[in-house]
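These notes concern the structure reproduced below.
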Amino acid sequence: MAMNDPSVQAFSPGLAGVPAAKSKISFVDGQTGLLEYRGIRIEELAAHSSFMETTYLLLYDRLPTKAEMDRFSSDVVHHRRIKYRITDLIKCLPEHGHPMDALQAAVAALGMFYPARNVLDPEVQYWSTVRLIAKVPTIIAAYYRLQRGDEQIQPRDDLDHASNFLYMLTETVPNPMIAKALDTCLTLHAEHTMNASTFSGMVTASTLADPYTVVSSAIGTLKGPLHGGAAQEVVEMLEAIGSRENVRPYLEQKLAAKEKVMGFGHRIYKVKDPRAIILQQLARQLFARLSRHGPSPLYALAEEVERVGEELLQAKGIHANVDFYSGVLYQTMGLDTDFFPTVFAMARVSGWLAHWLEQIQDNRLFRPDQIYEGAHGRAYVPLNQRT
Ligand code: SDX
């Protein structure tokens, strides 16, 4: 293929900078650190909205009236329970498996109970969306309990989304400040334009596969350490560093080995991720209210890692991203590190479904081209003549 061939010129590794769709759901300006959901700045939504209201905004392109919010919330609350066969499936999974694998398996199986074959039917679209948003937290909490040998805790209809999730983990109604902090984390993680897991879901959606399969595809993509798995890696990195005096040697050694510092860098942001800024403020507020002793040692260490990391990486336009502080917050909420990506998934299911709905309104099967660099015209050699 000649180098002046348009398809060769268009090739961009990882599709960097290549528009894969037209969308009205969210907008990012990586140069200024701007993130808007349906035109509303993420700072506004984090300060004044809730995850459920933000979900409605993402799905339907407007903030709901009270009546609309009450109905949507009530529908989600009443669909939180999962079939006993899904619980039995989760019970059969290895107790030391990764929670994202359990979530992906259970969500794929979910579709078997709710055959959503006609994805263009508005009723199928609405109830699939409600069921996935409602049941993903229940599946996560069920695996959390069952892998520890404890019985699953049924959801409570009187608790909001974040409070109910934390309740299903411990059978204790959470401190409202912690529940609100989790709700804000969910809002911050709900949507982010054409990220890898959203793109993965859209490719599946473009085949007109059902929404449970679409979300199962996206969960698999989110799991990777370069994407939703980063928050877990950050906390494990902080625990490996252990103390302030180890920060610089640890980072310098990692960079000298050409390894990536988890929680840093982003394909789009060339400044600090606006979500990381809000998460930092959230962490400081939580520590100030929860503990007389101020920020957790891990948070203090994270701030030192960010300071030194900035010094070493800012020349390349590499700054802290959303995953840098989220893990420290989740740990403060009592969540285990391997469940961090599932909390990301519990939030991003709203963005995945918003893109699913947008994609199927004007669908075209994703089928990109390639630049072939292999051989042509090779002869088949019988086995007994091969050396
Ligand atoms: C999320 O896309 C989204 O929107 C994702 C997300 C969302 O909301 O959906 O924002 C959520 O996934 C956040 C990112 C979480 N991942 C991590 O924190 C993992 C660490 N980050 C890197 O792997 C990396 O920054 C990526 C994957 C996030 C982005 O990488 P790119 O755009 O593919 O850039 P690259 O890997 O080609 O790196 C370009 C240069 C390289 O240096 P050179 O070889 O040119 O000298 O920057 C360097 C890289 O080595 N670099 C880093 C680095 N990230 C990039 N060097 C050290 N540490 C890093 N973290």
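Things to note:
- Test: Leu365 is in a helix (DSSP H, G or I) and touching a residue at least 40 places away in the same chain (Cβ under 8 Å): no
- Subset of the range 187-202 [surrounded by fewer than 22 Cβ atoms within 10 Å (Cβ to Cβ) and not in a loop (DSSP other than H, G, I, E, B)]: Ala196, Phe199, Ser200
- Residues in the range 61-93 that are part of a loop (DSSP other than H, G, I, E, B) and either touching a helix residue (DSSP H, G or I) at 6+ places or on another chain (Cβ under 9 Å) or on the phi > 0 side of the Ramachandran plot (or both): 11 in all.
- Lone qualifier among Leu301, Leu255, Leu279, Leu226 - being over 25 Å from His48 (Cα atoms), assigned to a helix (DSSP H, G or I), within 15 Å of the ligand (Cβ to nearest atom) and aliphatic (A, V, I, L, M): Leu255
- Unmet requirement for Leu58, which otherwise passes all of (1) in a helix (DSSP H, G or I); (2) under 17 Å from the mean Cα position of the chain (by Cα); (3) over 26 Å from Arg364 (Cβ atoms): (3)
- Test for Ser217: is it over 25 Å from Pro274 (Cα atoms), assigned by TED's automatic domain parsing to the domain that holds Arg85, within 16 Å of the ligand (Cβ to nearest atom) and among the polar types (S, T, N, Q): yes
- Qualifying residues in the range 343-362 (those that are among the charged types (D, E, K, R) and not in a loop (DSSP other than H, G, I, E, B)) - the one farthest from Pro99 (Cα to Cα): Glu358
- Answer from Gly351, Gly309 - the residue that is within 30 Å of Ala257 (Cα to Cα), at pLDDT 95 or above and either loosely packed, with under 11 Cβ neighbours inside 10 Å or in contact with a helix residue (DSSP H, G or I) (Cβ under 7 Å, 6 or more places away or on another chain) (or both): Gly309
- Of residues in the range 258-276 being of a type in the set (Gly, Ala, Ser) and at positive phi, the one farthest from the ligand (Cβ to nearest atom): Gly263
- Condition met for Val136 (among the β-branched types (Val, Ile, Thr) and assigned to a helix (DSSP H, G or I)): yes
- Hits in the range 267-289 - residues which are surrounded by 16 or more Cβ atoms within 10 Å (Cβ to Cβ) and over 23 Å from the mean Cα position of the chain (by Cα): Phe287
- Options Phe324, Phe340: the member that is farther than 24 Å from Gly30 by Cα and part of a helix (DSSP H, G or I): Phe340
- Looking across the range 10-59, the residues that are touching a Pro at 6+ places or on another chain (Cβ under 7 Å) and without any contact (Cβ under 8 Å) to a residue 24 or more places away in the chain come down to Glu53, Tyr56.
- Restricting the first member to the range 146-161 and to residues that are touching a residue at least 24 places away in the same chain (Cβ under 8 Å) and surrounded by fewer than 18 Cβ atoms within 10 Å (Cβ to Cβ), and the second to residues that are in a loop (DSSP other than H, G, I, E, B) and of a type outside the set (S, T, N, Q), no beta-carbon pair is closer than 6 Å while six or more apart or on different chains.
- Among the candidates Arg148, Arg156, the residue that is over 30 Å from Ala205 (Cβ atoms) and at pLDDT below 95 is uniquely Arg148.
The values are calculated or read from the model by the stated rules, or taken from the named source; none is laboratory data. From a predicted model like this one, the values you see are computed outputs, not experimental measurements. Cβ sites come from the backbone with ideal geometry, for glycine too, and all protein chains shown count toward neighbours.
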